[in-house]
Amino acid sequence: MASETQAPGGREATGQLLAAAGEGEGGDTEPGMGPMREAALVAAKQAEETGGLGRLGRPIDRRSPFFIGMTGAAGVVVTITLVELVIKARSVLVLIGLALFIAAGLDPVVNWLTRHRVPRWAAVIAVLLGVLGIMAGFLAAAIPPLAAQTAKLIAELPTYAHTLQDHNSQLGRLNMKYHIEQRLSHLLATRGSSLVGGVLGAGALVLGALASTVAVLVLVVYFLAGMPRVKLFAYRLAPHSRRARVILIGDEIFTKVGGFVLGNVVTSVIAGLGTYLWMIAFGIPYPILLGLFVAIMDLIPVIGSTIGGAVVTLVSLTVSLPVAIATLAFYVGYRLAEDYLLVPRIMGSTVKVPAVVSLVAVLVGGTLLGIVGAFVAIPAAAALRLLLHEVAFRRLDRS
């Protein structure tokens, strides 16, 4: 029916083409219009025979050099475009990936609460309130001493300025020898705008970090609330014939991520509590602040507790050199105990990543994505190891 309704329009258009490509003045056909007139006559004949839009022509030869070249060029353009998009959206993609990683790590806790007849929305809120409580505790412990030290420094600035003028003091003799006051004045006069720009840049960096933190928290809420649907969407991307195996491997990867995150939190709590008790025992200042700092740094595998221990050791120098040496020995012992006792017992059965692979993964992840890369490196290595054993090695063994 559709072809019959289209036939009159097709014949009318063909007649117009014949008239346009017809004979000119004197009965001669216009130059170059002969082939077009022949094509128009064939089109008119086919319209009469088929009553519609003619017959289908031969399909395009997909093996022709032109078609292969065009397809390859289109593939290259699409690939370059996708790579450019990923590079430009790298920071946003890292935040999304970090939020999904955290949500996958907290999902076992939410599932445990839901199995105990807690609604999922209430379980998500409870878990997030716990995370926010830890962050609030760190800020509450960090802000007062920082504010007190800043106020003390501002109050003692006139004393320092007077000491610089006193030639009998150690600081005054250093000022006479190295001209500290003149150098500071020259620095402020010549580089004042650069210093102000640096301060403003640091403020912008802090605001950017806060915005990123808020964005990650919001994404974690959405991912946690809709984690079953997120998994379902990811599994539907697999072919139906392989979907069951993809579900089994995917659930195992989510289990490894959740076990790593929860085990990492447990070891971090142990590191922070041990730091707090050690600092209380030896009278090292700011035990709550530095204990929370070590606990948060210990979330970064392999290198986190080492950095935290170095900071605490430097602070312990304000007490005495023997206390600093003892603190350094304490953190060396804790590092060994965490690697060979705590980690194998808490998450060794879940993650199953050798120590050498963990170290290499953390170094590579830190080089590629900084702290975020170091944080997600071990579960990513565990997932890659699982895929190699379950997919790649089995195919290689059968080949």
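Nothing in this text is a laboratory measurement; each read-out follows from the coordinates by a stated rule. Predicted model, so just to flag it, every value in this text is computed and none were measured. Every residue, glycine as well, gets a Cβ built from its backbone with ideal geometry; the counts of neighbours run over all protein chains shown.
At-a-glance table
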quantity: Relative contact order, percent, the stretch 253-399 [alpha-carbon distance under 8 Å, six or more residues apart]; calculated: 24 percent
quantity: Zone residues, the stretch 353-385, relative to LEU336, backbone N less than 20 Å from point 7 Å out along Cα-to-Cβ; calculated: 355-356, 359
quantity: Potential lengthening between LEU217 and VAL92 on full extension [0.36 nm per residue; Cα-Cα distance subtracted]; calculated: 43.6 nm
quantity: Per-selection Kirkwood Rh - the stretch 264-349 (Cα, Å, 1 d.p.); calculated: 12.6 Å
quantity: Simple spin-label estimate for ASP397 and LEU248 in nanometres, 7 Å along Cα-Cβ; calculated: 1.4 nm
quantity: Ellipsoid semi-axes in whole angstrom, largest first, where each is sqrt(5λ) of the Cα gyration tensor of the stretch 234-393; calculated: 38, 13, 13
quantity: Globularity ratio of the stretch 323-399, using Cα Rg and 2.2 N^0.38 Å; calculated: 1.42
quantity: Cα→Cβ-extended label distance, 7 Å offset, between LEU129 and LEU232, nm; calculated: 2.8 nm
quantity: Residue (of VAL266, ILE378, ILE307) at the positive-pole extreme of the stretch 253-399, dipole from beta-carbon charges; calculated: ILE378
quantity: Two-site label geometry, SER64 and ARG345: point separation in nm, points 7 Å out along Cα→Cβ; calculated: 7.4 nm
quantity: Normalised contact order of the stretch 272-318, rounded percent, pairs of Cα under 8 Å and 6 or more residues apart; calculated: 34 percent
quantity: Part-to-part distance (alpha-carbon centres) for the stretch 228-301 and the stretch 76-126, which is given in Å; calculated: 14 Å
quantity: VAL269-THR79 FRET efficiency (beta carbon distance; Förster radius 45 Å; 0.05 resolution); calculated: 0.50
quantity: Burial ordering of VAL311, VAL86, VAL362, fewest other beta-carbon atoms within 10 Å first; calculated: VAL86, VAL311, VAL362
